[in-house]
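One structure is given below, encoded as structure tokens.
The values are calculated or read from the model by the stated rules, or taken from the named source; none is laboratory data. All values derive from a computational prediction rather than experimental measurement. Here Cβ is always computed from backbone atoms with ideal geometry, including for glycine, and neighbour counts include all displayed protein chains. The protein model used for the area step is the full one, side chains on, heavy atoms only, and it has no ligands, DNA or RNA in it. Shrake-Rupley method; radii C 1.70, N 1.55, O 1.52, S 1.80 Å.
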Amino acid sequence: MTTQTPGTTPDQVSDFYDVYNSLLRKYWDDNFHFGYWLDDTDDSSVAVATDRFTDIMIGKLPVGPGARVLDVGCGIGKPAVRLAQKTGASVVGISINQQQVDEGNARAAAEGLAGRVSFRPANALELPFEDGSFDAVLAFESICHMPRLPALREMSRVLKPGGRIALTDLIKLDDSDGSAADAGFETQALPRYSDYPALTAAARVEIDELTDVSAHTNRTYAAMAEGITRGTDEIVEQFGPGVVNVLQAVAAPLGPSASVGCLIMAGHKAG
Ligand code: SAH
């Protein structure tokens, strides 16, 4: 899940998830990303809406058996396992957070996929892979924790020429001043939708699709607030009263007067 990360170095992101992994699992979902709702009348659960978003992203990566996919910022592995199950591809997931890697590997083993899906600790800004070693890259709500251009360049480097990349990112909406979002991302201001073409071009990625899906993901805020409300007593008991303010601040920018939206970028590495 992308949130207002207190600090932006990879180590700080990892510390953040050491605390939030269990909270997200309990009060959100094993998918650490936004939900995707079809329209205002769609009352899908968080589990359904987040899996739906995964399926949309899988659809942006036309891969099949034999393909090797890198999942950059894999969370606890739910999207990677689903990707492998639905496409037959092999998936390597990386995360800066060791707990997530361990949980991901346990999930792959439990699903009988340990031979085809694996997770390892790595920094997305220094990927431990050869140039051109993947057919496709998925970065599902993870680049928002990173300096974007260096991260995209690394993803592009490890892709084969012509290889597909699909990612989601948080964006500043045009009618907002972005202040709520920027407050949490200390050194990394959120981009706007209109910033993406220049960003991707600088990483030798050609855009095939750039879609603002904010209208579909906006309900994430209300759904997250519900989870926090449901868990408040337990959360306070575990972490002390201060944690509730932090959780609410995390969800606030996604609120009805949302200043933070979400986009999907699908593209390929220039040949
Ligand atoms: N894609 C997953 C998780 C999204 S949460 C899902 O959809 O469920 C963001 C993820 O990015 C976390 O796994 C976090 O550890 C990872 N991440 C953030 N910065 C990173 C970095 N510099 N290197 C590797 N992983 C990073």
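Shape class for region 1-152: rounded, because the ratio a/c of the largest to smallest gyration tensor axis (alpha-carbon atoms, square roots of eigenvalues) is under 1.5.
For the pair SER133 and ASN245, the difference between a 0.36 nm per residue extended length and the Cα-Cα distance amounts to 36.0 nm. The packing ranking, built from the mean of other Cβ atoms within 10 Å per residue, places the peptides 165-171, 143-149 in the order 165-171, 143-149, highest first.
Ligands, DNA and RNA left out, the accessible area of the chain computed with a 1.4 Å probe is 52% carbon and sulfur. Here the chain is assigned +1 on the Cβ of each Lys and Arg and -1 on the Cβ of each Asp and Glu. Its dipole about the Cα centre then comes out at about 900 debye. Mean sequence separation of contacting Cα pairs (under 8 Å, at least six apart), scaled by the length of the chain, corresponds to a relative contact order of 21 percent.
The lysines whose alpha-carbon is closer than 22 Å to the alpha-carbon of LYS78, local same-chain residues fewer than 8 away aside, are LYS26, LYS60, LYS86. Using a probe of 1.4 angstrom and keeping all protein chains present, the accessible surface of the chain works out to 40 square angstrom per residue.
For ARG153 and LEU38, the FRET efficiency from 1/(1 + (r/R0)^6), where r spans their Cβ atoms and R0 equals 35 Å, is about 0.50. Working note: Cα gyration tensor of the chain, eigenvalues times five, square-rooted, sorted largest first, giving semi-axes of 27, 22, 18 Å. Counted residue by residue at 0.36 nm each, then reduced by the alpha carbon distance between them, the extension gain from GLN99 to VAL19 reaches 27.8 nm. Relative to the current alpha-carbon distance between THR232 and GLU206, full extension at 0.36 nm per residue lengthens the span by 4.9 nm.
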